[in-house]
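Structure, as structure tokens:
The values are calculated or read from the model by the stated rules, or taken from the named source; none is laboratory data. The shown structure was predicted, so the numbers you read here are calculated from the model rather than taken from an experiment. Virtual Cβ from ideal backbone geometry, glycine too; neighbours counted across all protein chains shown. Keep in mind that these areas ignore ligands, DNA and RNA; they rest on the heavy atoms of the full protein, side chains included. Shrake-Rupley method; radii C 1.70, N 1.55, O 1.52, S 1.80 Å.
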Amino acid sequence: MHSGSGVQQKRVVIEILDSTLREGEQTRGVSFSIEDKLEIARLIDDFGVDFIELGHPSVSRDVRQAVERLAAEPLRAKKLVHARATHSDIDDAVSTGAEWIGIFLGTSPLSLQHKFHVTQERALSMISDAVRHAKDRGLKVRFTPEDATRTPVPYLIEAIECAQEAGADRISIADTVGVMLPTQIKGLIEQIAPFVKVPLHLHCHNDYGLAVANALAGYEAGVRLIDVAVNGLGERAGITSLAELVVALKMHYGVSNDWNLALLPDLSRLVERCSGIFNSETRPIVGANAFSHKAGLHSRAVLEDPRTYEAIPPEIVKREREIVIDKYTGKAAVRARFNDMNVTMTEDQLTQIVEIIKSRPQKRYFSDIDLIEIADDVLKLNLRGRVPIEVEAIIQLALTSSLYTTHVTRKLIARNEVREVYEITGDFDVVARVTTHSLHELNETIEEIRVMEGINRTQTSIILKNYAKN
Ligand code: HCA
Ligand code: CU
């Protein structure tokens, strides 16, 4: 593995708990079906996390059913069920058959006064009663002082000690409203560490955009496990993002965990599709632009040695770098693209082509066929005759619910490549006829349609290539 910033390696293994199915489903607008949850859990398990938080069964009937189904699913990861510090929540968790329970209780003054209306003393007895209740029923217990980062440290330590005395197997520090700075997280963990007798977890919210940084600070301070969600889903601005955290742990700290990083893009897309929450193009690791280069100076250097402008080699997550061709592009990138197409030209001709590209600022990017057309004009050739100029496909789409029909149809019609859209009955709900200028562009289009909100699955049935006549 390449080394990142060269930070001193402290330990070699860290545990990850994925909370996409619990915290992630608490994201505005998200409700996973049981099938979604199974598919997500299996892929997360293949990726290689240590714990999967299955859900909070007392929330609703479907969450409960999903937790029961997931608890019965053979997974390598340990399964943890979420519960408030009440007998009824704990009994609900026990009956799902999962081995671990995560009990949480707010310990900050705000929680005690405005959520529970209890004194600090009373909260301690609630903690020890809940932990005992779960331990007596044979569960392994993680106890979380919710809002730990706004809890006075001496009381936080009392709460932790109280949970430990009652038998808690793990303690999790929750930065519930994401108020911490990395230096503060480090300070807090170091301050409480002498009192923590069990492995320590950390759960960071992203309200200031610091959830990954705070998680890494926690790692530096010695926490054993970090909570994440795929695509950083979660309440408000979400929690630590799986992809960003694990890639940073590999690249900067050289941890030796056996994660299947190549699954990260698929995992991200699966969760985009199931959640209906789509990543911005500039999102690290999994965003569409994360490995693209545009400015001429950048592209030229990257073509010579990618390390000039890449912190992370795209191959480690099985992605490819992209050299964007538009008005920012210089000769090196254009020449490289034509080389890939086996088209050679003189320096003068290349200069002319680059000038034409730079004179069309309204064009967002130039595809291979756009470049061939320009080259034909400049080189007085007919290269068009050597490459397919149109690729046509019929894409059938099954929707997650008929409620999405109008939404999906409108989105499809709005796309340039989509020629016609029909509603149909049978195994699929919608059919689209699509025309692109290359197979590559067709694949990209299908990929983008596949992750649209409301799409359950797609099938591309017919592909016709239309070659230009010489
Ligand atoms: C919640 C709050 C929580 C709990 C974390 C935990 C937080 O949504 O219930 O139980 O470990 O951020 O404090 O997610
Ligand atoms: Cu949370």
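Given the residues Arg150, Arg170, which is the only one that is surrounded by fewer than 23 Cβ atoms within 10 Å (Cβ to Cβ), within 12 Å of ligand 1 (Cβ to nearest atom) and of a type outside the set (A, V, I, L, M, F, W, C)? Before the answer, list the steps.
Numbers: Arg170 fails: surrounded by fewer than 23 Cβ atoms within 10 Å (Cβ to Cβ).
Result of the check over Arg150, Arg170: Arg150.
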Exercise for the section: Please indicate, with yes or no, whether at least one residue in the range 373-392 is within 20 Å of Lys294 (Cα to Cα), more than 37 Å from the chain's Cα centre (by Cα) and part of a helix (DSSP H, G or I). Expected result: yes
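Which of the residues belonging to the range 320-339 are open to solvent by less than 50 Å² (accessible area, probe 1.4 Å) and assigned to a loop (DSSP other than H, G, I, E, B)?
Of the range 320-339, the ones open to solvent by less than 50 Å² (accessible area, probe 1.4 Å) are 323-326, 329-330, 332-334, 336, 338.
Passing the criteria: Val324, Ile325, Asp326, Thr329, Gly330.
Take the range 203-252 and flag every residue that is of a type in the set (S, T, N, Q) and at positive phi. Spell out the reasoning first.
Of the range 203-252, the ones of a type in the set (S, T, N, Q) are 206, 214, 231, 240-241.
Hit for the range 203-252 is Asn231, nothing else.
I'd like to know if the range 413-420 contains one or more residues that are in contact with a Ser or Thr (Cβ under 6 Å, 6 or more places away or on another chain) and closer than 17 Å to Gln396 by Cβ.
Keep residues of the range 413-420 that are in contact with a Ser or Thr (Cβ under 6 Å, 6 or more places away or on another chain), which gives 417, 419.
If we keep only those that are closer than 17 Å to Gln396 by Cβ as well, we get 417, 419.
Checking the range 413-420: at least one residue is in contact with a Ser or Thr (Cβ under 6 Å, 6 or more places away or on another chain) and closer than 17 Å to Gln396 by Cβ.
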Handout entry: the range 348-366, residues that are part of a helix (DSSP H, G or I) and in contact with a Lys or Arg (Cβ under 8 Å, 6 or more places away or on another chain)
Key = Leu350, Thr351, Val354, Ile357, Lys358
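How many residues, within the range 139-176, are touching a residue at least 24 places away in the same chain (Cβ under 8 Å) and part of a helix (DSSP H, G or I)? Quick ask: steps written out before the conclusion?
Of the range 139-176, the ones touching a residue at least 24 places away in the same chain (Cβ under 8 Å) are 139-153, 155-176.
Applying the additional criterion that residues be part of a helix (DSSP H, G or I) yields 148-150, 153, 155-165.
Count: 15.
Within the range 227-260, track down each residue that is of a type in the set (Asp, Glu), away from ligand 2 (no atom under 12 Å from the Cβ) and either surrounded by fewer than 21 Cβ atoms within 10 Å (Cβ to Cβ) or not assigned by TED's automatic domain parsing to the domain that holds Asn214 (or both).
The one that is of a type in the set (Asp, Glu), away from ligand 2 (no atom under 12 Å from the Cβ) and either surrounded by fewer than 21 Cβ atoms within 10 Å (Cβ to Cβ) or not assigned by TED's automatic domain parsing to the domain that holds Asn214 (or both): Asp258.
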Exercise for the section: Give just the number: which of (1) farther than 14 Å from Pro313 by Cα; (2) in contact with a helix residue (DSSP H, G or I) (Cβ under 6 Å, 6 or more places away or on another chain) does Ile285 not satisfy? Expected result: (1)
Fill in the blank from the handout: Gln184 passes all but one of the listed conditions (1) away from ligand 2 (no atom under 16 Å from the Cβ); (2) open to solvent by less than 20 Å² (accessible area, probe 1.4 Å); the exception is number (2)
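If a residue has to be away from ligand 2 (no atom under 16 Å from the Cβ) and in contact (Cβ under 8 Å) with a residue 24 or more places away in the chain to count, how many in the range 105-137 make the cut? Steps first, answer last, please.
Residues of the range 105-137 away from ligand 2 (no atom under 16 Å from the Cβ): 109, 112-114, 116-137.
Okay, now just the ones that are also in contact (Cβ under 8 Å) with a residue 24 or more places away in the chain, so 109, 120, 123-124, 126-135, 137.
Residues in the range 105-137 being away from ligand 2 (no atom under 16 Å from the Cβ) and in contact (Cβ under 8 Å) with a residue 24 or more places away in the chain: 15 in total.
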Completion exercise
The residue that is farthest from the chain's Cα centre (by Cα), considering only those in the range 235-244 that are within 16 Å of ligand 1 (Cβ to nearest atom) and not basic (Lys, Arg), is Glu235
Fill in the blank from the handout: Checked the range 401-421 for anything part of a loop (DSSP other than H, G, I, E, B) and closer than 13 Å to Ile455 by Cα; matches are Ser401
Problem - Any pair with Cβ under 6 angstrom, 6 or more apart, that starts in the range 69-98 at a residue that is over 19 Å from Thr20 (Cα atoms) and touching a residue at least 24 places away in the same chain (Cβ under 8 Å) and ends at one that is crowded, with 20+ Cβ neighbours inside 10 Å and of a type outside the set (Gly, Ala, Ser) - result: Ala85/Ile103; Ala85/Leu105; His87/His133; Ile90/His133; Asp92/Pro57
Practice task
Kindly check whether there is at least one residue in the range 30-39 that is under 15 Å from the mean Cα position of the chain (by Cα), of a type outside the set (Gly, Ala, Ser) and within 16 Å of ligand 2 (Cβ to nearest atom).
Solution key: yes
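What do you reckon, is Glu423 closer than 30 Å to Met341 by Cβ, surrounded by 12 or more Cβ atoms within 10 Å (Cβ to Cβ), out of contact with any Cys (no Cβ under 9 Å at 6 or more places or on another chain) and at pLDDT 85 or above?
Working: closer than 30 Å to Met341 by Cβ: no; surrounded by 12 or more Cβ atoms within 10 Å (Cβ to Cβ): yes; out of contact with any Cys (no Cβ under 9 Å at 6 or more places or on another chain): yes; at pLDDT 85 or above: yes.
In short, no.
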Exercise for the section: Please work out which residue is surrounded by the fewest Cβ atoms within 10 Å (Cβ to Cβ), limiting yourself to the range 191-207 and to residues that are over 18 Å from the mean Cα position of the chain (by Cα) and within 16 Å of ligand 2 (Cβ to nearest atom). Expected result: His201
Completion exercise
Within the range 208-234, the count of residues that are within 16 Å of ligand 1 (Cβ to nearest atom) and under 18 Å from Gly29 (Cβ atoms) comes to 5
